[in-house]
Amino acid sequence: MKKTSIAFVADDTAEANEARAAFQSRYAHAPSSRADVIVAIGGDGFMLETLHRFMNREVPIYGLNRGSVGFLMNEFGDEDLTARVERAETVTLRPLRMTVRTASGRTRRAVAVNEVSLLRETHQAAKIRITVDGVVRIEELVCDGVLVSTPAGSTAYNLSAHGPILPLSAEVLALTPISAFRPRRWRGAILPRRAEVRFGILDGGKRPVSAVADHTEVRDVVSVRVREDDTRRLRLLFDPEHDLEERILSEQFAP
């Protein structure tokens, strides 16, 4: 039976790099380009970086928490890592594809694991038109911004903006306003995961808006299209006792 080959990658912190060195001295490891599994050592931000880095390979990624929150990571431990990886359960994530047109006429594309967010660039509120599957749903949203979140990202920025927590199995997206001024009572929407959301920036010269897909920012946007990227599947590995679905469910009952 072929033994699972592991590549270790670590965040740029002393604690994460010390852990990687210890694991590499203890376990056989392979180059990341040929490994069966990537072990990412760090926090949630580093996990996002790792998912983007290996997105085209679709290699399973097993996280070990050496960061602050570690929602997407497994508990750090020095027990038999190979056995943990081999018994880990797989969670498949579907990212979002953002297509942007800027005021200069350029088209930019980026992929988001957590969310695509639109944010005002100046002291003035943004004015944004929202269209879902070709139907204008909000003619003018006056706000600090608005975001589209995946279930995996629903406990991150989306939750901070008072958006809903989405179970992974629900196959929906969250459309959440950020500090909406008008319509004041709109709290967002839950959309089918295959919905296409278009944002049109109103009065962009006076009220410029940037679009951010995870950590990729495009400034001075005119229009933004967001939809699920059905060409990609991201695979995260979790210890059975640290199931991601259960973590997301538990967040709904957090004090």
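Looking at (1) surrounded by fewer than 20 Cβ atoms within 10 Å (Cβ to Cβ); (2) in contact with a helix residue (DSSP H, G or I) (Cβ under 9 Å, 6 or more places away or on another chain), can you tell me which one Ser5 breaks?
Among (1) surrounded by fewer than 20 Cβ atoms within 10 Å (Cβ to Cβ); (2) in contact with a helix residue (DSSP H, G or I) (Cβ under 9 Å, 6 or more places away or on another chain), the lone unmet condition for Ser5 is (2).
Considering only the stretch 154-170, I want to know if a residue exists there that is more than 14 Å from the chain's Cα centre (by Cα), aliphatic (A, V, I, L, M) and over 27 Å from Leu202 (Cα atoms).
Within the stretch 154-170, one or more residues are more than 14 Å from the chain's Cα centre (by Cα), aliphatic (A, V, I, L, M) and over 27 Å from Leu202 (Cα atoms).
Applying the selection to the stretch 36-89, what residues are outside any loop (DSSP other than H, G, I, E, B), at pLDDT below 95 and among the β-branched types (Val, Ile, Thr)?
Thr82, Val85
Is there a residue in the stretch 177-186 that is under 22 Å from Ser210 (Cβ atoms), part of a strand (DSSP E or B) and of a type in the set (A, V, I, L, M, F, W, C)?
Taking every residue of the stretch 177-186 in turn, at least one turns out to be under 22 Å from Ser210 (Cβ atoms), part of a strand (DSSP E or B) and of a type in the set (A, V, I, L, M, F, W, C).
Of the residues Thr176, Thr107, which is over 14 Å from the mean Cα position of the chain (by Cα), among the hydroxyl-bearing types (Ser, Thr, Tyr) and loosely packed, with under 14 Cβ neighbours inside 10 Å?
From the options Thr176, Thr107, the qualifying one is Thr107.
Out of all the residues in the stretch 159-194, which are farther than 18 Å from Lys127 by Cβ, in contact with a strand residue (DSSP E or B) (Cβ under 7 Å, 6 or more places away or on another chain) and among the β-branched types (Val, Ile, Thr)?
Within the stretch 159-194, Val172, Ile190 meet the criteria.
Yes or no: the stretch 123-137 includes at least one residue that is under 21 Å from Arg247 (Cα atoms) and within 22 Å of the chain's Cα centre (by Cα).
No, the conditions are met nowhere in the stretch 123-137.
The values are calculated or read from the model by the stated rules, or taken from the named source; none is laboratory data. Note that the coordinates shown come from a computational prediction; the quantities given were computed from them, not determined experimentally. When we count neighbours, we look across all protein chains shown, and the Cβ atoms used for this are built from the backbone with ideal geometry, even at glycine.
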